[in-house]
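**Q** Please read through the structure below; I'll follow up with questions.
The values are calculated or read from the model by the stated rules, or taken from the named source; none is laboratory data. Note that the structure is predicted; figures quoted are calculated from it, not measured. Virtual Cβ from ideal backbone geometry, glycine too; neighbours counted across all protein chains shown.
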Amino acid sequence: MSMLTPPGMGGKYRITGDVYPRMRRPHRRRRIVLAATAAVVVLGAAGWGTLQLVDVFSGDAGTKAAAGKQADCKPAPTPTAAPAAALPKPAQITVNVYNATPRSGLAKTTADELAKRGFKVGKIGNAPAAYDKKVPGTGLLLGAPAATKGAFPVLGTQLAGATTKTDTRATADVDLIIGTAFKNLSPKTTADAALVALTKPAPAPTGKC
């Protein structure tokens, strides 16, 4: 009888040879692993389905919002130039030049320069008593109310800082009263550029969505 034979069993359950039964681990761990894997798969499938539903509904809402925005957004019209104001040319403006400063000769030299720039020159002399030595700036443009939209803007390009004032005259001529801060007319190139900008049409505003 072999030493491995349990007592009392005789030789019926004798273990012979060199092959022995192996002890296997219980299947509990495998079951736990399989159950965890199955749970992960189920949760992943549920999450993917939820994302699909969200995409469907949000995509539909986004499409409708985009379509509504496109419907409300009208294409911008082709930019067109606004018509320029009908301003007179320098040759159509008669300017009276008056000197309101203590310096002599300013009216004559200023009138000559304006004539070279295409303006018509009217009267030349000292300023009336109401304005003599009472114009603190570079100059004062004086004329009828209609001059505010005609002669004043054009003549104002020739003298930076000049102020304007209207009176009750019925004629179209305007007065340039030289003030105490006057030194010279604006440089011709600067005045010409300002005159071009004044008569250039302004672009019309474009539409926005």
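**Q** When you go through (1) at pLDDT below 95; (2) out of contact with any strand residue (DSSP E or B) (no Cβ under 7 Å at 6 or more places or on another chain); (3) over 23 Å from ASP112 (Cβ atoms) one by one for LYS134, which number turns out not to apply?
**A** (1)
**Q** While we're on this one: Would you confirm whether or not the range 140-161 contains a residue that is part of a loop (DSSP other than H, G, I, E, B), within 38 Å of the chain's Cα centre (by Cα), among the aliphatic types (A, V, I, L, M) and surrounded by 14 or more Cβ atoms within 10 Å (Cβ to Cβ)? First the steps, then the outcome.
**A** Here is the first cut: in the range 140-161, the residues part of a loop (DSSP other than H, G, I, E, B) are 144, 150, 157-161.
From what's left, within 38 Å of the chain's Cα centre (by Cα): 150, 157-161.
Now narrow it down to the ones that are among the aliphatic types (A, V, I, L, M): 159-160.
Restricting the remaining residues to those that are surrounded by 14 or more Cβ atoms within 10 Å (Cβ to Cβ) gives 159-160.
Within the range 140-161, one or more residues are part of a loop (DSSP other than H, G, I, E, B), within 38 Å of the chain's Cα centre (by Cα), among the aliphatic types (A, V, I, L, M) and surrounded by 14 or more Cβ atoms within 10 Å (Cβ to Cβ).
**Q** Right, something else. From the residues in the range 162-177 that are farther than 13 Å from VAL97 by Cα and assigned to a strand (DSSP E or B), which one is farthest from the chain's Cα centre (by Cα)? Can you show your working first?
**A** Here is the first cut: in the range 162-177, the residues farther than 13 Å from VAL97 by Cα are 162-172.
This time we only want the ones that are assigned to a strand (DSSP E or B), so: 163-166.
Numbers: THR163: 32, THR164: 33, LYS165: 36, THR166: 38 Å.
So the residue we want is THR166.
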